[in-house]
Amino acid sequence: MPKETIFIDVIVPLALPQLFTYRVPHEWNSYVRRGQRVVVPFGKNKLYTGIVYRIHHVAPHDYEAKYIETILDDFSLINDYQFELWQWIASYYMCSMGEVMQAALPSGFKLSSTSKFILNHHTQINHQQISDKEYLLIEAMEKRNSITIDEAAEILQIKNPHRYIKSLLEKEYILIEEEIKEKIKPRTVSYVELTEFSLNEKNLEHFVNEISLKKNSVKQQNLILTFLKLSDHFTQERKKVRKEDLLAEASIQESTLNTLIKKNILKIRKSEVSRFDFNGYSPESNKELNEEQNEAYQKILNLFETKNAVLLHGVTSSGKTEIYIKLIEQALQQNKQVLYLLPEIALTTQIINRLEQVFGKSVGVYHSKFNESQRVEVWNNLMRAKDDNSEMPHFKVILGVRSALFLPFDNLGLIIVDEEHDSSYKQNEPAPRYNGRDTALFMGGIHRAKVLLGSATPAVETYFNATTGKYGLVTLNNRFGGVKMPQIDIVDTKAAKANKSMKTHFSKDLLSAIEEALQNKEQVILFQNRRGFAPMLQCNTCHWTPMCKNCDVSLTFHKSLNLLRCHYCGYSTVPIDVCKACGSDEIVMIGFGTEKVEDELAVFFPLARIARMDLDTTRSRFSYKQIINDFEDRKVDILVGTQMVTKGLDFSHVSLVGIINADSMMNFPDFRAHERAFQLMAQVSGRAGRKNKQGKVIIQTAQPNHFLLFNLIKMNYLNVFEQQLKDRQLYKYPPYYRLIKITLKHKEKHILDYAANTLANLFKQKFGSRILGPEFPTIGRINNYYLKNILIKLEKELPLSASKIDILSNISQMRKTSEFRQVRILIDVDPS
């Protein structure tokens with residue numbers, strides 16, 4: 001009988017509107033599985049790693065299906081839960097499955113024709129383990145430093161070298177080039193074991209008796225006896241000892257061990273261990289809940305009986321983390337997995353220490369600061385059952401940022417979204433432009449898992465859903481341990497400047513409070529939501545300002561680098577001494593950032609130890625952890641930072657928080673500006689105070705009577721929430737309306753204007769007055785592309801899927817005009 005023909009629909013990591021169908025060679029029919037990686041040809045002479053999405057017997061009508069090149073896995077890398085999540089993200093956020101795949105998979109899983117590979121110099125190559133073709137590739141890498149898959153194909157004189165590349169990667173003899181930038185040293189432990197020959201007791205006894213008669217074999221005999229003593233607690237089939245422990249216990253050089261290996265008595269087996277540092281397991285550190293916490297915990301459990309999602313609204317330092325830990329314990333007792341989401345990598349540093357104390361090696365961490373090997377390790381860990389022969393821990397609790405949503409959970413019971421209000425949960429570039437909180441809620445539905453949202457200052461949409469019954473609502477109104485809410489003082493900078501009591505950017509009150517805190521051996525946090533030294537330089541004569549050559553934005557001065565730098569495209573140049581417009585040498589700095597705050601503090605407080613936490617100081621992999629640990633260990637007296645310092649960090653010796661410029665947040669041109677300003681100021685204020693002393697917050701502003709500050713002093717979130725609801729209902733914003741932002745980009749302004757007007761007119765034919773724009777955004781040109789935005793406001797009652805179909809249809813219609821084919825169109829559903 002002729003063999004049946006199998007076709008597969010494959011997701012490739014490209015922004016394609018639909019999946020491509022490929023044909024499976026007959027000899028692979030029984031091996032192909034949904035969720036496997038396959039190598040497929042696409043375009044002219046290009047190969048990509050794709051994911052098998054659907055297996056069927058229907059040939060495509062409009063093109064001839066090409067054969068897949070190879071199957072990379074013996075198992076399904078992507079499970080059905082993940083596929084359902086990918087499909088929802090692609091549909092809801094109006095992007096392609098390929099874009100979701102690109103975001104979801106670690107780069108180590110996505111080999112393409114352009115991937116570069118390099119030798120791993122930290123691993124010694126065993127030439128008996130490699131084939132002739134693998135040897136040729138290793139030899140080429142030694143000569144060329146790096147090779148691509150296309151070059152590997154040329155070297156081996158074959159079309160598809162993927163299986164040889166994959167084999168070398170699995171043996172850790174080579175690395176993807178981007179991993180080298182992280183300077184990975186694969187972490188393995190060498191074990192000494194008995195060979196098959198010496199597992200036979202008679203053979204081993206005969207050998208020991210034989211060498212005992214030789215004077216020059218005393219060290220060998222000693223090593224074998226030490227091995228047998230140390231491995232005594234293992235079964236005969238699994239006698240093994242760490243190599244370093246064996247040599248240390250026997251006080252013998254490695255050469256003696258090598259002799260026994262050559263004699264086929266002992267052998268070395270390398271076992272991979274976790275690349276993650278483990279901070280210690282101390283289950284007794286699990287704290288008992290106080291009365292209010294326990295009441296909140298019980299309410300959450302009760303609400304989970306009828307609600308899939310619950311909002312825990314607790315003031316700063318109310319002990320939400322301890323409630324999370326109790327809920328995690330309960331999920332683990334039910335043998336469920338837990339996903340604990342945080343908005344920022346910085347927050348994982350403190351939380352991981354706390355979780356590891358309670359849950360030990362069951363906790364895994366997943367975020368972008370880890371190299372590809374670490375991310376692949378976590379992924380593989382979740383896919384496999386606990387292997388008794390492995391030194392690897394089995395992760396049951398994953399702590400991560402939004403990208404952790406894409407991991408292969410298959411028994412998820414609880415998702416915690418901490419600081420759920422934070423805008424960092426929203427992915428802006430590239431697509432998919434998803435919101436981590438909202439995606440977590442959908443993911444909970446897929447897995448039938450419960451979702452807990454936590455915040456001291458919930459997003460308006462979240463609190464609206466909680467008060468209207470969509471989510472459950474539980475509140476914590478008091479700080480843990482009787483700590484008082486901080487005293488908040490408002491300093492009128494306009495009046496202070498008038499009476500000349502300001503010293504540069506610091507009021508007399510703030511400087512006095514810092515000095516008092518330092519004298520009392522207490523710590524200070526200062527918040528300025530702008531990095532760099534000065535946002536712009538300006539000629540004092542003609543007011544000319546150095547601008548970025550690629551963007552419509554002024555260049556920011558960075559003193560430590562002595563550069564003017566664009567924060568949008570990265571362009572930099574040396575600072576100017578003379579105005580390029582009028583020739584004047586009166587160049588002044590306008591505004592200030594965290595770098596300037598740090599610099600001026602060193603003048604006012606020369607003995608103080610000052611650190612800065614912003615994007616510029618946290619670029620390296622361990623920089624977050626180092627800064628936070630130094631502050632926790634009181635090696636730093638004053639911490640200056642951007643919004644990184646506002647997010648859920650817990651420092652027990654901070655008595656003073658200073659907000660240096662509240663006006664820039666409150667006056668930002670965005671409908672969420674007041675909501676976010678209140679959230680940021682309330683969060684950073686929550687860092688002040690400890691058990692026996694009330695903390696203090698000083699806010700500098702030229703608008704001391706602003707209603708946000710009035711409510712901040714009283715920590716009255718509800719007043720701010722109610723005012724926001726009134727404004728948003730009046731002006732048609734969420735939670736009453738849905739927003740979809742369409743951004744058009746082109747290098748020619750006149751083409752962009754024409755395209756944007758054409759598309760807006762098409763939209764208006766369908767959506768009428770629901771369309772705003774097109775308008776230039778605040779910064780109308782970035783990286784030599786002009787930008788225009790169209791905002792679509794849709795009533796919640798309108799069927800969203802039908803509206804999206806109309807939007808895509810209008811975009812497709814516009815693209816039929818040849819002039820517009822090079823116009824890039826970005827779709828952002830629920831823009832932040």
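The values are calculated or read from the model by the stated rules, or taken from the named source; none is laboratory data. Computed from a predicted model, the values in this text were never measured in an experiment. Virtual Cβ from ideal backbone geometry, glycine too; neighbours counted across all protein chains shown. We work out accessible area using only protein heavy atoms, side chains counted, and drop any ligands, DNA or RNA first. Shrake-Rupley method; radii C 1.70, N 1.55, O 1.52, S 1.80 Å.
Cα centroids of region 607-640 and region 416-487: how far apart, whole angstrom?
Between the Cα centre of region 607-640 and that of region 416-487, the gap is 28 Å.
What does the charge count near Tyr53 come to, summing +1 for each Lys or Arg and -1 for each Asp or Glu among other residues with Cβ under 9 Å from its Cβ?
Spelling it out: positives minus negatives among the neighbours equals +1.
So, with a 1.4 angstrom probe, what is the percent of accessible area on the chain that is carbon and sulfur?
For the chain, the apolar C and S fraction of the accessible surface comes to 47 percent.
To the nearest 10 degrees, how steeply does helix 623-632 sit against the main Cα axis of the chain, on a 0 to 90 scale?
70 degrees
Please give the residues of region 19-34, grouped as numeric ranges, whose backbone N is less than 12 Å from a label point set 7 Å along the Cα-to-Cβ vector of His56.
Within reach of a label on His56, which here means backbone N under 12 Å from a point 7 Å along Cα→Cβ, region 19-34 contributes 19-22.
What number comes out for accessible area per residue over region 403-484 if the probe is 1.4 Å? Units Å², please.
On the way: 2490 Å² over 82 residues.
Result: 30 Å² of accessible area for each residue.
Show that you can apply the helix-only estimate: for the chain, add -39,500 (n - 2.57) for every DSSP H stretch of four or more residues, divide by all residues, and state [θ] at 222 nm to the nearest 500. All intermediate terms of the calculation are to be shown ahead of the outcome.
Working: 27 runs with 288 residues, N = 832.
Counting only the DSSP helices, I get -10500 deg cm²/dmol.
Quick test of your reading: applying the under-4.7 Å Cβ rule, which cysteines of the chain are isolated?
Among the cysteines of the chain, those whose Cβ sits 4.7 Å or more from every other are Cys95, Cys569.
At each listed q (0.10, 0.22, 0.25 Å⁻¹), what is the log10 of I(q)/I(0) that the Debye formula gives for region 440-528 modelled as equal alpha-carbon point scatterers?
-0.55, -1.14, -1.29
Per residue Cα convex hull volume for the chain, in cubic angstrom? Before the final figure, lay out the partial values.
On the way: hull volume 193.1 nm³, N = 832.
Spread over its residues, the Cα hull of the chain gives 232 Å³ apiece.
Taking the Cα-to-Cβ direction at Thr468 and at Ile268 and moving 7 Å from each Cα, how far apart do the two end points lie in nm?
Label-label distance for Thr468 and Ile268, simple model: 6.5 nm.
Between Asp509 and Arg242, what is the spin-label point distance in nm, taking each point 7 Å from the Cα along the Cα→C-beta axis?
Here the modelled spin labels are 5.7 nm apart.
Label points 7 Å out from Cα along the Cβ direction at Asn562 and Tyr63: separation in nm?
Going from the Asn562 label point to the Tyr63 one covers 5.5 nm.
Specify the inter-centroid distance of region 764-832 and region 15-88, based on alpha-carbon positions, in whole Å.
So the two Cα centres are separated by 32 Å.
Taking Cα atoms, how many degrees apart are the long axis of helix 800-815 and the longest axis of the chain, rounded to 10 and kept between 0 and 90?
The two axes meet at around 90 degrees.
Relative to the longest principal axis of the chain, what angle (0 to 90°, nearest 10) does the C-alpha long axis of helix 201-212 take?
Roughly 80 degrees, rounded to the nearest 10.
Mind checking the full-extension length gain between Leu615 and Arg824? Use 0.36 nm per residue of separation minus the Cα-Cα distance, one decimal, nm.
Numbers: separation 209, 0.36 × 209 = 75.24 nm, distance 2.86 nm.
Difference between extended and current length: 72.4 nm.
Per residue, how large is the accessible surface of region 1-95? Use a 1.4 angstrom probe and give square angstrom.
Values: 5030 Å² over 95 residues.
Counting only protein heavy atoms, the per-residue value for region 1-95 is 53 Å².
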